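**Q** Can you read through this structure? Questions will come right after.
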Amino acid sequence: MKYGEKEIAEFDVEKDLEIWENKAKDNKYKIKVELPEFSALCPRSGYPDYATIHLEYIPNEYVVELKALKLYINTFRNRYISHEESANEIFSKIVEKINPHYLKITADFYPRGNVHTVIEIDTDMQK
């Protein structure tokens with residue numbers, strides 16, 4: 001197993017999704033992250049699904065460390081998980097870890113079989 005595969009295989013979101021103190025917490029500002037290489041396996045067919053994941057958030061006390069976020073996203077590549085479930089899991093895990101003022105996740109899945117799916121979830125919808 002190569003070192004990158006080992007990092008992904010051993011990644012535990014509960015202990016390895018590193019967060020950092022938001023040293024600019026007196027300012028409200030927006031962080032936008034694009035993850036264009038998301039992949040997971042369709043739970044029905046086993047075919048790979050690909051997406052670009054967009055995160056947009058206004059941090060509170062903490063921010064997500066980017067390498068840890070990348071590794072977390074890469075853990076989905078060998079999982080059988082639906083579009084909806086993967087987007088909601090990412091959303092819930094980040095909210096749990098950093099409790100941002102605002103978070104929006106957009107999972108834009110590449111078309112397959114003449115179907116294009118976009119999943120959007122944000123903290124305003126939860127109220």
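**Q** Within 11 Å, Cβ to Cβ, of Thr52, how many net charges do the neighbouring residues add up to if Lys/Arg are +1 and Asp/Glu are -1?
**A** -3
**Q** Place a +1 charge on the Cβ of each Lys and Arg in the chain and a -1 charge on the Cβ of each Asp and Glu, then give the dipole magnitude about the Cα centre in debye, rounded to the nearest 20.
**A** For this selection, approximately 180 debye.
**Q** Count the net charge of all other residues whose Cβ sits under 14 Å from the Cβ of Glu37, scoring Lys and Arg as +1 and Asp and Glu as -1.
**A** Within the 14 Å Cβ shell, the charges total -1.
**Q** Same structure, new question: To the nearest 0.05, how large is the calculated FRET efficiency for Glu120 and Met1 if R₀ is 35 Å and r is the Cβ-Cβ distance?
**A** The formula returns an efficiency of 0.50 here.
**Q** Where does the charge balance sit around Arg77 when Lys and Arg score +1, Asp and Glu -1, over other residues with C-beta under 11 Å from its C-beta?
**A** Result for the neighbourhood of Arg77: -2.
**Q** For the chain, what does the convex hull of the Cα positions come to per residue, in cubic angstrom?
**A** Residue-normalised Cα hull volume stands at 109 Å³.
**Q** Okay, moving on. List the residue ranges in the chain for DSSP H helices whose C-alpha atoms run 27 angstrom or more along the long axis and whose Kyte-Doolittle average is 1.6 or above.
**A** Both cut-offs are met by no helix.
**Q** Per the helix-only calculation at 222 nm, which mean residue ellipticity applies to the chain, given -39500 (n - 2.57) for every DSSP H run of n ≥ 4 and division by its residues, nearest 500 deg cm²/dmol?
**A** Result for the chain: -8500 deg cm²/dmol, rounded to the nearest 500.
Bear in mind these aren't lab numbers, they're just calculated from the coordinates by the rules spelled out. What you are looking at is a predicted structure, and each value in this text was computed from that prediction instead of being measured. Ideal geometry is used to build each Cβ from the backbone, glycine not excepted, and the neighbour counts take in all protein chains shown.
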